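Presented below is the structure to which this report refers.
The values are calculated or read from the model by the stated rules, or taken from the named source; none is laboratory data. This one's a predicted model, so the numbers in the text were calculated from it and none came from an experiment. Don't worry about glycine lacking a Cβ; one is built from the backbone with ideal geometry, like all the others, and counts go over all protein chains shown. Ligands, DNA and RNA are stripped out before the accessible areas are found, and what is left, the full protein with its side chains, is counted by its heavy atoms. Shrake-Rupley method; radii C 1.70, N 1.55, O 1.52, S 1.80 Å.
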Amino acid sequence: MEPLRPGDRVALLTSGGDAPGMNAALRAAAKVGTALGLEMLGVEEGYKGLMEGRVRALGLRALDEAARRGGTLLGSARSKRFMTAEGQAQAHESIRATRLSGLIVLGGNGSLAGARSLHGTTCFDGRPLRIVGLPASIDNDIACTGMALGVDTAMNTIVEACDRIADTAGSHQRTFIVEVMGRDCGYLAMVAGLAAQADVVLFPEAGKAESAVVEHVMSAIDSAYARQGGRRHVLVIKSEGLKIESNRLKQLVDEQLGQRYPEGHIDTRVTVLGHVVRGGSPTAFDRMLATRLANVAVRALHAGEDQVMAGWSQPLQSRTPSPFDPHVTLWPLDDVLRETGKLQSGDNSLVRWRVQALSQAEKILHQ
Ligand code: F6P
């Protein structure tokens, strides 16, 4: 673990879906790196920009402003070419041409796999390129970290949207199906469901057949309407990862409503929150998380670490926290990618716990 030297060039790169808090992480990384004597640069548009050698100086004042906003000042992209042999060769070439000694990658699973694929890259001076990853994805589908950047902001956006929907749903006694992002991971739907007092939370990890999903929604409607003097609107939060299109779910529920409530007084509506959930100013938690993860990522890189990801403290943690911050742990990228694979396929104790906990919570909180 040879430490980096004063004046070594380190580039920051944001890749994949942007996440609120990315700019706050860029700001913290640039400031900490500069204080450590490194030359901190930014890569435009993720791995696409890396291949094309689009590496530029970072304006610290501009980052101060940007840190309060969502998105990423550097731009992002999902590059298919980077994962090909030609793309990799082009990236190696531009890493040498731009005289980089280190790279910090902010992104989700695909971006961290990209960081892993750069292992073994030689810098212009013959030293190995050092790479540290930082988990950033609103989906919270990255292993070895309790939270990824952007999750808290996305969660708050969903809850605020659901509160607004609840106002109008209550006024018309309607059932609303609110679809939220999260790719194949139901985490956002689950936690926002709890916080927004959803009657039903639908997520792929539960592995329910279409008919069981419809029945789940219908039983929530039945019990809402059976309640004496209770509220007569129903909030269903559906993860986009659940492979039933929201309008189809509405249609199936409407068919059942027609049979069970022929007087036709129960209306349903669908709201797809989509990319609204990915934008907006990062919450205080995301800014704090960004700052602390970035601080450790830069210090670890500076100290000579390579091929690790800075993860926020997580349940069932088995590794020793980093010496720089007791809440942040450095995980080998190989472990991160292997455990993320299990997390995404459901073969993971945390996913099983989430499914069980959510089902218990639904029973207890909505009776
Ligand atoms: O991974 C983040 C995410 O926002 C997912 O929740 C969503 O499925 C996907 O990205 C959308 O990607 P795009 O912005 O390319 O449409």
Q | Matching residues in the range 123-148 - criterion: being within 16 Å of the ligand (Cβ to nearest atom) and more than 30 Å from GLU93 (Cα to Cα) | A | ILE138, ASP139, ASN140, ASP141, ALA143, THR145, MET147, ALA148
Q: Report whether or not MET218 is part of a helix (DSSP H, G or I) and open to solvent by 10 Å² or more (accessible area, probe 1.4 Å).
A: no
Q. Of the residues SER322, SER318, which single one is farther than 20 Å from GLY150 by Cα, crowded, with 19+ Cβ neighbours inside 10 Å and free of Cβ contacts under 8 Å to residues at least 60 places away in the same chain?
A. SER322
Q) For ASP286, all conditions in the list (1) open to solvent by 10 Å² or more (accessible area, probe 1.4 Å); (2) part of a helix (DSSP H, G or I); (3) within 16 Å of the ligand (Cβ to nearest atom) hold save one; what is the number of the exception? A) (1)
Q. From the list SER211, SER111, which one is open to solvent by 10 Å² or more (accessible area, probe 1.4 Å) and of a type in the set (S, T, N, Q)?
A. SER211
(Q) From the list LEU293, LEU301, LEU358, exactly one residue is under 29 Å from LEU242 (Cα atoms) and either open to solvent by 40 Å² or more (accessible area, probe 1.4 Å) or not in a strand (DSSP E or B) (or both). Which is it? (A) LEU358
Q: Test LEU273 against the stated conditions and say whether it is surrounded by 16 or more Cβ atoms within 10 Å (Cβ to Cβ), outside the structural domain of ILE104 (by TED's automatic domain parsing) and modelled with pLDDT of 95 or more.
A: yes
Q: Considering (1) buried (at least 21 other Cβ atoms within 10 Å of the Cβ); (2) in contact (Cβ under 8 Å) with a residue 60 or more places away in the chain, say which one ASP306 fails and leave the rest.
A: (1)
(Q) Any residue at all in the range 182-198 that's touching an Asp or Glu at 6+ places or on another chain (Cβ under 6 Å), free of Cβ contacts under 8 Å to residues at least 60 places away in the same chain and either assigned by TED's automatic domain parsing to the domain that holds HIS265 or within 16 Å of the ligand (Cβ to nearest atom) (or both)? (A) yes
Q. For the range 1-72, which strands (runs of 3 or more DSSP E) that fit wholly inside it have 2 or more residues that are open to solvent by 70 Å² or more (accessible area, probe 1.4 Å), modelled with pLDDT of 95 or more and farther than 16 Å from LEU106 by Cα?
A. 55-57
Q. Residues of the range 241-270 being open to solvent by 70 Å² or more (accessible area, probe 1.4 Å) and within 16 Å of the ligand (Cβ to nearest atom), which ones?
A. LYS243, GLU245
Q: Determine whether the range 202-219 contains at least one residue that is away from the ligand (no atom under 16 Å from the Cβ) and within 21 Å of PRO282 (Cα to Cα).
A: no
